[in-house]
Amino acid sequence: MNTILRKSILGIAGLAFTGGVFAGPVAAHAADTTTHAKPVSVTVQGDKLIPHGVQGEQSRIDLNDEQTKNVKAIIAATKKAGMDERAAVVSIATALQESKLENLGHLGDRNDHDSQGLFQQRPSSGWGTVEQITDPEYSTTAFLKGLKQVDGWQDMPLTKAAQTVQVSAYPDHYAQWEQQAADLVAEHWNK
């Protein structure tokens, strides 16, 4: 990849760092219905969804209708971008970590930055306007554009690929959602 382009992308991601720093604490204020389970291998669609196996203990939440709608929107945006199931798994796992698949608006005192939407993207960091980043298709497309710029993302562990785009203060936290994200993609990709 062009070094200048990569530095520009990483610069934008670096500006988004502060948003990522607060994604964990923001989610901590919400009612946590997370359950933890031991890693399980996905047999659906072979090694395409999880090429490196699941890293660490896995978390899982029950999804409501709105969260399921957001999963479907992420999958639709991934297909529209011409990307495969692995990109959808990375995207959904990232959104699970950042917002529990809830399209979050500004959280006021619970969030001293302007992180919003499924991916907790920040208008002040160049991700788009509030209206854009709270649109699931737009925010997914923005995330995927960043992912496409990561050399070899398809062969990276999910948490490294997600972290390279998001630049979170909690880089290993994306891994805990890989199993549920893969299950959701397997369930909804062909619908």
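Report yes if some residue within the stretch 96-113 is closer than 22 Å to H173 by Cα, touching a Leu at 6+ places or on another chain (Cβ under 6 Å) and modelled with pLDDT of 95 or more; otherwise report no. Checking the stretch 96-113: not a single residue is closer than 22 Å to H173 by Cα, touching a Leu at 6+ places or on another chain (Cβ under 6 Å) and modelled with pLDDT of 95 or more.
Scanning the stretch 131-153 for residues that are closer than 21 Å to K72 by Cα and open to solvent by 60 Å² or more (accessible area, probe 1.4 Å) yields E131, Q132, D135, E137, Y138, K145, K148. Going through (1) open to solvent by 10 Å² or more (accessible area, probe 1.4 Å); (2) in contact with an Asp or Glu (Cβ under 8 Å, 6 or more places away or on another chain) one by one, L118 falls short only on (1). Checked against (1) at pLDDT below 95; (2) under 15 Å from the mean Cα position of the chain (by Cα); (3) open to solvent by less than 10 Å² (accessible area, probe 1.4 Å), A87 passes all but condition (1). Counting residues in the stretch 101-108 that are buried (at least 17 other Cβ atoms within 10 Å of the Cβ), among the aliphatic types (A, V, I, L, M) and in a helix (DSSP H, G or I) gives zero.
The values are calculated or read from the model by the stated rules, or taken from the named source; none is laboratory data. The structure displayed is predicted, hence computed values, not measured ones. Every residue, glycine as well, gets a Cβ built from its backbone with ideal geometry; the counts of neighbours run over all protein chains shown. Side chains are part of the model used for accessible areas, which takes the heavy atoms of the whole protein and leaves out ligands, DNA and RNA. Shrake-Rupley method; radii C 1.70, N 1.55, O 1.52, S 1.80 Å.
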